[in-house]
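One structure is given below, encoded as structure tokens.
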Amino acid sequence: ANAIYTTAIFMAVVIEVPRRYLPQIAQPIMVEDFKANRLEKIHQDYKKASINQLIIGSYIFLGIVINLPNIYALMPNGDIYASGLWVVYIIGFAKLTNMLFSINGEIIVMSEHYRVNILLIAFLGVVTIGMNILLIPIYGIEGAAYASLITFILFNFVKFIYIKKKFQFSPFSKWTIPTIAFLGVILFFNHLTKYLQWSLLDILIRSAVLTLLYAGYVMIGKPSKELTDLWKLALSKLGIRR
């Protein structure tokens, strides 16, 4: 069970890789903005980071979960490790929650309220231990995954409420709900499609369709100026003008 859970975790952790580099970029900028009292700029960066991370994170999340049956089919002893499928889903949603709530931790740490972060981390530890003790005996490895999801949701929600109260900041924009709905629609239609016998071919087809859908969403809907500009740059490098 531990091997199955660890393998599933490795897959899900990939979703949050872009999130790990963000603090290195955001913190020095935020320090200067707090010094100059540019609170509105911090608020806008908070929103931009949220929608950008949500789009990128949901794309990676879908790229993994829609191909999970194929990935397990290609793995040695994949029929055994396939029992961790729901762990990937649950931990994946936990990582997406982290990305949705954006740089809330960095805002607290870089502000004059940085001491609160110590209390929040202690809260995270207590909730994590409590949820694991409660859920693992009942649900096994999925219980451990649910414990992580509940912990991340509570941890981020508490930070969100604190930042909202102190600074009147919110990471959500008009594109937050449409992006989440877009993710849900793709998951729904993927569930209706049958997988091909040739796993590698199926991965290529599903990944290509997913990429085209997200490219269309970014270019037509324009939920993020930064991602739209990045996509245009990629097209120009390929010699495609738009």
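The values are calculated or read from the model by the stated rules, or taken from the named source; none is laboratory data. Since the structure is predicted, the reported quantities are computational estimates derived from the model, not experimental observations. Reconstructed Cβ throughout: ideal geometry from the backbone, glycine too, with neighbour counts over all protein chains shown. The protein model used for the area step is the full one, side chains on, heavy atoms only, and it has no ligands, DNA or RNA in it. Shrake-Rupley method; radii C 1.70, N 1.55, O 1.52, S 1.80 Å.
Take the alpha carbon gyration tensor of region 135-242, find the square roots of its eigenvalues, order them as a ≥ b ≥ c, and report rounded if a/c is under 1.5; if not, report prolate when a/b exceeds b/c, else oblate. In terms of gyration-tensor shape, oblate. Here r is the Cβ-Cβ distance between Q168 and I133 and R0 is 41 Å; the resulting FRET efficiency, rounded to 0.05, is 0.65. Under the classification rounded if a/c is under 1.5, otherwise prolate if a/b is larger than b/c and oblate if not, where does the chain fall, given a ≥ b ≥ c as square roots of the Cα gyration tensor eigenvalues? Judged from the Cα gyration tensor, the chain comes out oblate (a/c at least 1.5, b/c at or above a/b). From its DSSP helices (H runs of at least four residues, each -39,500 (n - 2.57)), the chain gives a residue-normalised ellipticity at 222 nm of -26000 deg cm²/dmol. Note on surface exposure: K159, K47 rank K47, K159 by accessible area, highest first, 1.4 Å probe. Here Y21 sits with roughly 140 square angstrom of accessible surface, probe radius 1.4 Å. With springs only between Cα atoms under 10 Å apart, run a GNM on the chain and tell me which of N77, N156, N117 wobbles the most. Residue with maximal mean-square fluctuation among N77, N156, N117: N77. Using 0.36 nm per residue and subtracting the Cα-Cα separation, the extra length available between V31 and N77 on full extension is 11.6 nm.
Take D202: with every protein chain present and a 1.4 Å probe, its accessible area is about 10 Å². The residues of region 4-127 present an accessible area of 46 Å² per residue when probed at 1.4 Å with all protein chains retained.
Residues within the reach of a label modelled at I205 (point 7 angstrom out along Cα to beta-carbon, backbone nitrogen below 19 Å), restricted to region 66-99, are 66-74.
Using a Förster distance of 25 Å, how high is the FRET efficiency between F157 and L213, based on the Cβ-Cβ distance and rounded to 0.05? With a Förster radius of 25 Å, E is 0.25. Quick one, could you list the DSSP H helices from the chain stretching 20 Å or more along their long axis (Cα atoms) with average Kyte-Doolittle hydropathy of -0.5 or above? Taking the DSSP H segments of the chain (at least 20 Å long, mean hydropathy at least -0.5), we get 17-35, 39-65, 85-100, 116-139, 141-167, 176-192, 199-216. Remark: spin-label model distance F123-K222 equals 3.9 nm, labels positioned 7 Å along the Cα→Cβ axis.
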